[in-house]
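Engineer: Submitted below is the structure of interest, expressed as structure tokens.
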Amino acid sequence: MENQPGTTTGTMSGTGTTTASSNGLGSSANVVDRVAQSAHEAIDRVAAKAGPAMEKVRGSASSYKEQLHAKADQFGAMEEQWLESARGYVREHPFTALAIAAAAGMLIAKMTSSNR
């Protein structure tokens, strides 16, 4: 078998073979090390940028949580006002309130009955 220029053939004695380091590519272990180092650096850069972004998200979420609690408290107070207003109306106009309740009950019964 003839050797082409730039190629070598292996023999049983191990002579005439080339390695990755002899042709300028470096060993595969060095390549893996460089790739791993680049990956670590990229991950470190991403982590450094993600940290402040996550803190900003946490701050916003905390702010929204506080706002939701404030709104829930406002709705609770509004509910109390409506209930007190309804109680006052029933005290002032008991027969009208009873008629409204009876009409609402009949309407709900008609809507939910199986005979349409």
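Engineer: Compute, for region 39-95, the length of the dipole vector about the Cα centre, with Cβ point charges of +1 (Lys, Arg) and -1 (Asp, Glu) only. Units Debye, rounded to 20. Display every interim value, and only then the final one.
Structural biologist: Details: 8 positive and 9 negative charges, 41 e Å.
That gives a dipole near 200 debye.
Engineer: Could you tell me how far the Cα centroid of region 44-63 sits from the Cα centroid of region 80-115, in Å?
Structural biologist: 52
Engineer: With each label point set 7 Å from Cα along the Cα-Cβ vector, what nm distance links ALA50 and ASP33?
Structural biologist: Between ALA50 and ASP33, the label points sit 2.8 nm apart.
Engineer: How large is ³J(HN,Hα) for each residue in region 46-51, as worked out from phi by the Karplus curve 6.51 cos²θ - 1.76 cosθ + 1.60 (θ = phi - 60°), to whole Hz, x for Gly and Pro?
Structural biologist: In residue order, the calculated couplings are 5, 5, 5, 7, 6, x Hz.
Engineer: Using the basic label-point model (7 angstrom from Cα toward the beta carbon), what is the MET78 to ALA99 distance in nanometres?
Structural biologist: Here the answer is 3.1 nm between the modelled labels.
Engineer: While we're looking at this one, here's another question. So what is the diffusion coefficient of region 28-112 in µm² per second by Stokes-Einstein at 4 °C and 1.567 mPa s, using a Kirkwood Rh over Cα pairs?
Structural biologist: On the way: Rh = 19.4 Å.
Using the Kirkwood radius from Cα pairs, D works out to 67 µm²/s.
No value in this document is a laboratory result; all are computed from the given coordinates. These figures come from a predicted structure and were not determined experimentally. A quick note on method: Cβ atoms are made from the backbone with ideal geometry, for glycine too, and the neighbour counts reach across all protein chains shown.
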